[in-house]
Structures are given as structure tokens and as C-alpha cells.
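Structure record follows, encoded as C-alpha cells.
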């Protein structure tokens, strides 16, 4: 029996990933020059796949970086001279805010209150960028996109940057209201870690602030189907292949299945004695990162599941001992989820 990874990243590989990796090795993809025509074809296919999968309009450009943490930093360096505004709903949104302070910005933040919609926030004067984490991997909070869109409608002149690290490709984003978005491939795309995808409105790509990966240079190369430096060619190739596979299945079907699996998990934990969903307000529960409060038994539960060759994530940071986190990505089939629930039922 193979090990199934329900960890929220790196996570289970997409079912076809191994086949594509083997083909990549056979075709010497890992030895290609990133200035070759062969690489340009791979790059173009990967961008085309991401654009179609997420319905990204021509108003936005796509580029590749090394990680989502790098994406956070490049966004701040390119977009913020003095002040950004951050909505904090967990450890990773906090990390994004802390990063701005380490870069010498006079940024401000607010902690999300689940009793109040995000669009009720008053954005401080002179804010240059609004930073929101759509799906907080550490806590399992998912902010409704409709609330985020209303923030943009109330503040049309301020760009919004959206962290969809653990919600893409599930998140059906309307890019009319989102200026920047980013995610990494080791979660919802089910690929090896080491690559992130940055999506930026064209009107912002001419900015040339920051010493490394200034938007102007980064997107100048991307338009030519290249990167400024030697990239993770293998992962870019895999993005091209796996997005094709997802498109064959249809993204609407993937999103519907994601919601069905999430409902199944939440319904189970609402009635069992193992734990309870950490986010009690169903409106803000993540469909892709299910966080369960297990009353200081995370190590014990994770250990018992590991014996059954199922790996779940433990809590993040201060919640390490009290939570377990279950990834619910496209690569996690309905059967996998049913088997996981059966394993939970058998725990003693």
C-alpha cells in the first residue's frame, strides 16, 4: 500500500505527475537550456495551461518564481514605497506583513474578525497595496471572494494582491477585481516543490522597483517565454502537462468535487468524538485546508494514521499540538477521503 499524503504542502502528487516526470527524464527536459527554443515552447504551454485553468484574462501577465515567499517579497518590493495594508487571518498572512516591516515599509495590518465582513474594513490613507490571504493554510480560514471583490469596489484605485497559495486552482477568481495573485505548485497542482506562479495586471508590470526580479525585467522576459535566470525547468514542464490533465477533467468538476469532499470531512468531524472543526463559522471554512481541533492529541492521531500509511499535517505554529490539517486538493480522490474517514473511525 502506497503512502497517501494529506499534508497541506508539499502534498500528494497529482495522479499523472509520475508519468510526466518519467517522460521528462526520457526527453532530457532537465538538461534543456532556458534560452533554447524547446524551453520557450514548454514555457508557453505552461502559461497557456495556467491561463485557461484559472480563466486569467489578457489584462494579466504570468511569470514564474521560486516560491510563494519570494512572490510575497517581490510584490512588496515592486509595489510599495511606504505603506501596504494587510488582513491577518493566520501565520502566513502574518509572515507577509512581517516581511514588509523587515523591508523597511511603514505598513499596517488588521486581524480578521469573522463576525465582520472584510469589505467593512476602512483602508488607511496613503495605502499603496492591499494584501489579503484568501485561504490561510495555518488556520483553515477561507475569506469569501465576494467580500474581497467589494473591498476593490470600495477602493478602486488601490491594487489588491491575493495569496491563493492553498486555494488555487479551486478558487474561481474574477481578475477584474484582483490585480495580483500568486500560488505555489506543491499544493493544489500536486507537483514537486520549487516553483511559484505570479499573476500581475499588465498596468503594473512596468514598475521597476527592487534589486532582484523587478517587475519590468521579470515580465519583459516572460513575454518572450523566458525567465531572467535559470528556472526550475522540470516543474514548468510539469505545470504544462498537469494543467492539460486538469482541463480534460474540467475545472468546474474539480471544484464541485472539492466541495463535496470538504462537506464530507466537515460533516464527519461535526459528529465524531475525535475533534471539531477549528473554524466554527461555516461561511469562513476552507474547502481545501480542513483544520480540526483535536484537543492536544495531534501527535498521537498523526502517529496512528501514519501506521495506516496516511500522513496528515499537524497544527501550524502555536497550534502544533492542538490541530491536525487535512489537505483537500484535486489530487485527493473521493476514495482517498473515504478511506481517511474510515481510518479515523478505527482510531482508539
**Complete:** Scanning region 147-166 residue by residue, those in contact with a helix residue (DSSP H, G or I) (Cβ under 9 Å, 6 or more places away or on another chain) and assigned to a loop (DSSP other than H, G, I, E, B) turn out to be 158, 159, 165, 166
**Message:** Test of understanding: among 242, 200, 223, which residue is in contact with a strand residue (DSSP E or B) (Cβ under 6 Å, 6 or more places away or on another chain), in the same structural domain as residue 68 (by TED's automatic domain parsing) and touching a residue at least 60 places away in the same chain (Cβ under 8 Å)?
**Reply:** 200
**Fill in**
Subset of region 4-19, residues touching a strand residue (DSSP E or B) at 6+ places or on another chain (Cβ under 9 Å) and modelled with pLDDT of 95 or more, comes to 4, 5, 6, 7, 8, 11, 12, 13
**Request:** With the condition kept exactly as written, say whether any residue in region 248-271 is touching a residue at least 60 places away in the same chain (Cβ under 8 Å), in contact with a strand residue (DSSP E or B) (Cβ under 6 Å, 6 or more places away or on another chain) and more than 30 Å from residue 202 (Cβ to Cβ).
**Result:** yes
**Request:** Check region 333-345 and report whether any residue there is touching a helix residue (DSSP H, G or I) at 6+ places or on another chain (Cβ under 7 Å) and in a loop (DSSP other than H, G, I, E, B).
**Result:** no
**Complete:** Going through (1) buried (at least 23 other Cβ atoms within 10 Å of the Cβ); (2) touching a residue at least 60 places away in the same chain (Cβ under 8 Å); (3) assigned to a loop (DSSP other than H, G, I, E, B); (4) touching a strand residue (DSSP E or B) at 6+ places or on another chain (Cβ under 9 Å) one by one, residue 186 fails only at (4)
**Request:** Go through (1) free of Cβ contacts under 8 Å to residues at least 40 places away in the same chain; (2) part of a helix (DSSP H, G or I); (3) farther than 18 Å from residue 11 by Cα one by one and return the number of the condition residue 304 breaks.
**Result:** (1)
**Item:** Number of the exception - residue 178 against (1) under 17 Å from residue 59 (Cα atoms); (2) free of Cβ contacts under 8 Å to residues at least 60 places away in the same chain; (3) surrounded by fewer than 21 Cβ atoms within 10 Å (Cβ to Cβ)
**Value:** (3)
**Prompt:** Could you say whether any residue in region 58-69 is under 24 Å from residue 125 (Cα atoms) and within 15 Å of the chain's Cα centre (by Cα)?
**Reply:** no
**Asked** For region 276-301, which residues satisfy the criterion of being part of a loop (DSSP other than H, G, I, E, B) and touching a residue at least 40 places away in the same chain (Cβ under 8 Å)?
**Response** 278, 279, 281, 286, 287, 288
**Asked** Tally time: how many residues in region 214-262 are at pLDDT 95 or above and in contact with a helix residue (DSSP H, G or I) (Cβ under 8 Å, 6 or more places away or on another chain)?
**Response** 18
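The values are calculated or read from the model by the stated rules, or taken from the named source; none is laboratory data. Please read these numbers as outputs of a predicted model, since none were measured by experiment. Glycine also receives a Cβ, built like all others from the backbone with ideal geometry; neighbour counts cover every protein chain displayed.
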